[in-house]
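K.L.:
To start, I am sharing the structure in question, which I have written as structure tokens.
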């Protein structure tokens, strides 16, 4: 039975969903770009406030969803990442030829989906959330559909995502056949000693989710989609979508023993993801493709947290996820700014960034900080993430995984350094792409500078992040 | 708090120098010079007021610090912002300050583009290095260890010289970064392994040096963890099979970069061995000692032989560094008090003499626009004063009595002899090779037939002052090394006690050889 408390607990999700309606009605009434963006941002902001209100009451369980520490934590970052995407999308879409306002509609719907996904405690909400997250993403990636590449990105994501969903559903069906339950608690209780079928069910679900996380060997769509999609859409895909899917996978692994039985598989996937991702990134001369491969490698590192299930798994996974999220948003944000306003083509080739430092020192500084963070160099937040992952591997004495991380990071450095040094080499007099003159006074500029500061501040003083995760874990025990 | 300022001054100075570019071209230079002079002054002040003399027969287990500063940082893992200063670190920090001043001075005319950003990188390297010398929380140490790499990478990649075919400066910089970073990650794994081993025995997370020293370890674990540290330091020292980055990085770097690389970045690894690898894992280090000393010997000969065959003057000096660091490695793992004191002495001496040689090759490059020795020759007649300075530093580098290098090498060999007579006997041959390559350098560059006519400009006042200052220091330490030895004696005695505990017989014999060395 749904009570008033339940309704209040779901308020953040409801608010975002309501904003979808408001923006849609607004578009029907009058097409205005800036107000649509402002309403969207306001809706997301209100939802953030609602999260603050809800947090003292947590954990609250409804039949299908659970608002616990993990869900609140993930929702906070989802909303922040969505806000960052909007901040950059607004200026970017300023030059867009077609209708601009629907982008916000799609983005809000996907955000709703992501929030449902991270709060799901039932396979039904898991599936609904995942689809609600993915469907608008097809639209966002193919938003510039008159551009061949963008359309290709959208369709590619659609097809492979649908294939992934089929695996996911098959896996769910197998689990249901074994246990007769669809809620996570029920699955955990009835599959204490998972048999072959339960394990294969879990493995198939892992495949389905692995598609969304672009883990090797399910990664084939990633570089093309990153390259083709409009930059703000890629930002959203790389941050919100991956965060939400990883959180739900984390929930499954922590709750359902059948997934813990897959430790070996996850370890192997982690190892090949970090090696393949980093090796393939070496040959890229396109910054967006390079970031795509780097994200594959990063999810390889993240899978280490799932391959080693102990008391520190949740903390390690979430710390690394946040470090990845902030740095990726910053790096893609700079690419978005460089391609602002939209003119059919984006500044994705590495040579467009030659000499950026001598033209736009602070923008190049932001990109430098984010890339260093992705490479895991102190004193950035990326180092804290890497520290956590290596600590987890060392503590569990999984030397193969630790060796993989060390090797992967060393390979990874090579291409990050290549990008970094490009920024500082003397550049052309008349660059084809450049950020707008007043980028640092616009919303997008504030967003990327804020992200870079966050990378540095949390890198030097990670206590707030660690303490918020301690709160999440305390709530889990309560 | 003074210790924090030692790191903050170059850090903030760097930021100021970068933004100072907008006022005038020389503002970054003056800012950088002022901040490094300030660091140097602070060091001298600390040396003046502090008491670094060894306490008599103190068997207290905890390390003693002249100054200490700590602040809780990441309590989740027991990580603290913990800085401490003792004689050894003071000597090296002061050296960093001195070479920092020289690095700023020698770039005064060499660097003409991106002046502000250059000095930002230069000062941040120095801030990182000072951090390495002061940090005694292992997490913090690792952090500084990594932090100093990024600006060094930029320094080589952006202001370096591209060599012939394939030896581009970016390649050299990347090689340098990859070698050090990958080995650094091994050290991080080893640090974490040590911390978790400590956690398993005591239930407390801590990265503190003094706490971790007491960790009980099984022999195999200690060996593996020690290897993690050893490899990281061996890459940076460099020990021979892991030295691939050094000649390229040196040859391609700008003069200031070479000075800092040879002068202090290599010293961070010797410091790491002395401060961390030996005291944390005395038994395992003792077990590794024959291998390490063998590698040291290999380095002495390999570096010296390859130096003889170089055409590029900076590559030649780079290979001589490998050779000198071989002596350091032998001395560190011989582990007697006299040898360890010799190591400290040689570290300082090598920093001064190699800095001098790199400065001189930078000055030659400014005048001749080449580093190829085949295109030099006969400069003694064409160039005033500089050849004479070169002769002095070459002589110092080959270890002539009266120079600081002689004191260092002699103490290492003398101190190691009771422990490992055969290794010392072989290493002595290496000193012969040092004479050969040093004279080859002198002969090819300054003597012989001149290739061109016409006199070249002599050193100006800035250049003369730099060389003269270095030379006086080399001679002073060569003739009267006692103040330096007194400063580091306490730290060295501590290391020797820990390292020697595993092998008391040898310990006694070395004591007999060196009764009151350094008091």
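What follows draws every value from the coordinates through simple rules; no lab data is involved. Worth saying up front: this structure is predicted, and the values here are computed from it rather than measured. With ideal geometry, Cβ positions are generated from the backbone for all residues, glycine too; neighbour counts draw on all protein chains shown.
K.L.:
Using alpha-carbon pairs under 8 Å, 6+ residues apart, how would you state the relative contact order of the stretch A:262-478 in percent?
P.N.:
28
K.L.:
A further question on this structure: Over chain A, calculate the relative contact order: mean separation of alpha carbon pairs under 8 Å at least 6 apart, over the residue count, as a percent.
P.N.:
Answer for chain A is 16 percent.
K.L.:
Using the alpha carbons of the stretch A:1-88, what is the convex hull volume per residue in cubic angstrom, as a whole number?
P.N.:
Given the Cα convex hull of the stretch A:1-88, per-residue volume reads 93 Å³.
K.L.:
On a full-extension model of 0.36 nm per residue, what is the gain between residue B:171 and residue B:48, subtracting their alpha-carbon distance, rounded to one decimal in nm?
P.N.:
Fully extending the segment from residue B:171 to residue B:48 adds 39.9 nm.
K.L.:
If eta is 1.567 mPa s and T is 4 °C, what Stokes-Einstein diffusion coefficient results for the stretch B:92-250, Kirkwood Rh from Cα pairs, in µm²/s?
P.N.:
Once the numbers are plugged in, D ends up at 75 µm²/s.
K.L.:
How big is chain A by Rg and Dmax over its Cα atoms, in Å?
P.N.:
21.1, 68
K.L.:
Expressed as an acute angle from 0 to 90° and rounded to the nearest 10, what is the orientation of the C-alpha long axis of helix B:386-397 relative to the principal long axis of chain B?
P.N.:
20
K.L.:
Only helical DSSP H runs with n ≥ 4 go in: add -39500 (n - 2.57) per run for chain B, normalise by residue count and round the 222 nm mean residue ellipticity to 500 deg cm²/dmol.
P.N.:
Taken over chain B, the calculation gives -23500 deg cm²/dmol.
K.L.:
Averaged over peptide A:399-407, how many Cβ atoms belonging to another chain are found within 10 Å of each residue's Cβ?
P.N.:
3
K.L.:
Can you quote the Å³ per residue value for the convex hull of the Cα atoms in the stretch B:197-285, rounded to an integer?
P.N.:
Hull volume over Cα atoms, normalised by residue count, gives 101 Å³.
K.L.:
If I model a spin label as a point 7 Å beyond the Cα along the Cα-Cβ vector, how far apart are those points for residue B:2 and residue A:145 in nm?
P.N.:
7.2
K.L.:
Can you give the translational diffusion coefficient of the stretch B:112-167 in µm²/s, computed by Stokes-Einstein from the Kirkwood radius over Cα pairs at 25 °C and 0.890 mPa s?
P.N.:
Rounded, D is 199 µm²/s.
K.L.:
Also: When the label point is put 7 Å from the Cα of residue A:8 along its Cα-to-beta-carbon vector, which residues of the stretch A:67-97 have a backbone N closer than 15 Å?
P.N.:
A:67
K.L.:
To one decimal place, what orientation-averaged projected area in nm² is obtained for the convex hull of the Cα set of the stretch A:262-478?
P.N.:
Average projection, Cα convex hull of the stretch A:262-478: 12.6 nm².
K.L.:
Between residue B:455 and residue B:112, what's the calculated FRET efficiency when r is the beta-carbon distance and R0 is 30 Å? Round to 0.05.
P.N.:
0.75
K.L.:
Please compute the alpha carbon radius of gyration of the stretch B:19-146, then divide it by the globular-protein estimate 2.2 N^0.38 Å. Two decimals is fine.
P.N.:
After normalising by residue count via 2.2 N^0.38 Å, the value is 1.26.
K.L.:
If r is the Cβ-Cβ distance from residue B:381 to residue B:308 and R0 is 25 Å, what FRET efficiency results, to the nearest 0.05?
P.N.:
After rounding, the FRET efficiency stands at 0.50.
K.L.:
Convex hull volume of the Cα atoms in chain B, per residue, in Å³?
P.N.:
Dividing the Cα hull volume of chain B by its residues yields 132 Å³.
K.L.:
Counting alpha carbon pairs within less than 8 Å and at least 6 residues apart, what relative contact order, in whole percent, applies to the stretch B:117-262?
P.N.:
Relative contact order here is 28 percent.
K.L.:
Here's a follow-up. Can you give the Rg to Rh ratio of the stretch A:18-143, both from alpha-carbon atoms, with Rh computed by the Kirkwood formula?
P.N.:
1.00
K.L.:
Taking each residue in A:414-422, count the Cβ atoms of any other chain within 10 Å of its Cβ, then average. What number comes out?
P.N.:
Partner-chain Cβ atoms within 10 Å, mean over residues of A:414-422: 4.
K.L.:
Oh, and also: Going by alpha carbons, how many degrees (0 to 90, nearest 10) lie between the helix axis of B:421-446 and the longest principal axis of chain B?
P.N.:
Between the helix axis and the principal axis of chain B, the angle is about 20 degrees.
K.L.:
Translational diffusion coefficient of the protein assembly as shown at 37 °C, 0.692 mPa s, Stokes-Einstein with Kirkwood Rh over Cα pairs, in µm²/s as a whole number.
P.N.:
Using the Kirkwood radius from Cα pairs, D works out to 109 µm²/s.
K.L.:
Taking the Cα centre of each part, how many Å lie between the stretch B:368-424 and the stretch B:304-356?
P.N.:
For the stretch B:368-424 versus the stretch B:304-356, the Cα centre distance is 10 Å.
K.L.:
What ranking, highest mean first, results for peptides A:30-39, A:133-142 when packing means the other Cβ atoms within 10 Å averaged over each residue?
P.N.:
Ranking, from highest mean packing down: A:133-142, A:30-39.
K.L.:
Rule-of-thumb check for the stretch B:293-519: C-alpha Rg over 2.2 N^0.38 Å?
P.N.:
That ratio works out to 1.09.
K.L.:
May I ask for the angle, rounded to the nearest 10°, between helix B:2-20 and the longest principal axis of chain B, with both axes built from Cα atoms and the value confined to 0 to 90°?
P.N.:
The angle comes out near 30 degrees.
K.L.:
What is the Cα centroid distance between the stretch B:191-219 and the stretch A:319-381, reported in whole angstrom?
P.N.:
39
K.L.:
Using only atoms on other chains, find how many Cβ atoms lie within 10 Å of each Cβ of peptide B:186-194 and report the average.
P.N.:
For peptide B:186-194, the averaged partner shielding equals 5.
K.L.:
Something else now. Where does each of B:392, B:106 land when they are ranked from fewest to most other beta-carbon atoms within 10 angstrom?
P.N.:
So the residues, fewest neighbours to most, are B:392, B:106.
K.L.:
Direction-averaged shadow area of the convex hull around the Cα atoms of the stretch A:398-478, nm²?
P.N.:
9.7
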